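Nothing in this text is a laboratory measurement; each read-out follows from the coordinates by a stated rule. Keep in mind the model is a prediction, meaning the values are calculated, not measured. No Cβ is skipped: glycine too gets one built from the backbone with ideal geometry, and neighbour counts run over all protein chains shown.
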Amino acid sequence: MNSADQVMQSYGRCCRSNEFFDTFYRIFLASSPEVRAKFANTNMQAQKLLLRQGIMNVVLYARGMPDTKLRALGCSHSRKGMNIRPELYKLWTESLLKTVRHHDKEASTDTLQAWAEVIQKGVGVILEEY
């Protein structure tokens, strides 16, 4: 099974947990004062829905979907938009991998490596717009 398919299955298992997105934001917001500041006035219920869609777009891109939605996300997160600095994507990735490890009880080392590959590919597109 290729990396994108592994991640799609793993993400499905993660999304069965009602706490998946809460766990992610608890870990991510704790990762840096700058990250916490970026979310200071954010409607977190709406943000969790955006995250759910964003992760799905990263996975679908790895499965062959055009990069249109990731480029739009990159524009909104660019220095002309929310100015999400490239260094913060490392914290985002680390937080997501920790969350997957916690919520996908079937995740193996190979599964987590597949996640890292898929995320790196999608984040690369997003960062091209920075």
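For the range 58-71, the candidate set comprises residues that are of a type outside the set (A, V, I, L, M) and outside any helix (DSSP H, G or I); within that set, the residue that is surrounded by the fewest Cβ atoms within 10 Å (Cβ to Cβ) is G64.
Between I126, I55, I84, the distinction of being hydrophobic (A, V, I, L, M, F, W, C), free of Cβ contacts under 8 Å to residues at least 60 places away in the same chain and either part of a loop (DSSP other than H, G, I, E, B) or touching a strand residue (DSSP E or B) at 6+ places or on another chain (Cβ under 6 Å) (or both) belongs to I84 only. The requirement of being surrounded by 13 or more Cβ atoms within 10 Å (Cβ to Cβ) and small (G, A, S) is fulfilled nowhere in the range 42-53; no residue meets it. Of the residues making up the range 46-75, just one is more than 15 Å from the chain's Cα centre (by Cα) and basic (K, R), namely R63. Residues that are of a type in the set (S, T, Y) and farther than 24 Å from M1 by Cβ: does the range 59-66 have at least one? No. Restricting the range 1-52 to residues that are charged (D, E, K, R) and not in a helix (DSSP H, G or I) leaves a set whose member that is nearest to P86 (Cα to Cα) is E19.
May I ask you to say which residue of K90, K48, K69, K38 is closer than 26 Å to E129 by Cα, of a type in the set (D, E, K, R) and free of Cβ contacts under 8 Å to residues at least 12 places away in the same chain?
Working: K48 fails: free of Cβ contacts under 8 Å to residues at least 12 places away in the same chain; K69 fails: free of Cβ contacts under 8 Å to residues at least 12 places away in the same chain; K38 fails: free of Cβ contacts under 8 Å to residues at least 12 places away in the same chain.
Being closer than 26 Å to E129 by Cα, of a type in the set (D, E, K, R) and free of Cβ contacts under 8 Å to residues at least 12 places away in the same chain holds for just one of K90, K48, K69, K38, which is K90.
Which numbered condition trips up E106, out of (1) under 19 Å from M8 (Cβ atoms); (2) acidic (D, E); (3) assigned to a helix (DSSP H, G or I)? Among (1) under 19 Å from M8 (Cβ atoms); (2) acidic (D, E); (3) assigned to a helix (DSSP H, G or I), E106 violates only (3). Pairing each residue of the range 1-23 that is under 23 Å from N43 (Cβ atoms) with any residue that is of a type in the set (D, E, K, R) and part of a helix (DSSP H, G or I), provided the two are 6+ apart or on different chains, yields C-beta distances under 8 Å for C15/R52; F21/K48; F21/R52; D22/K48.
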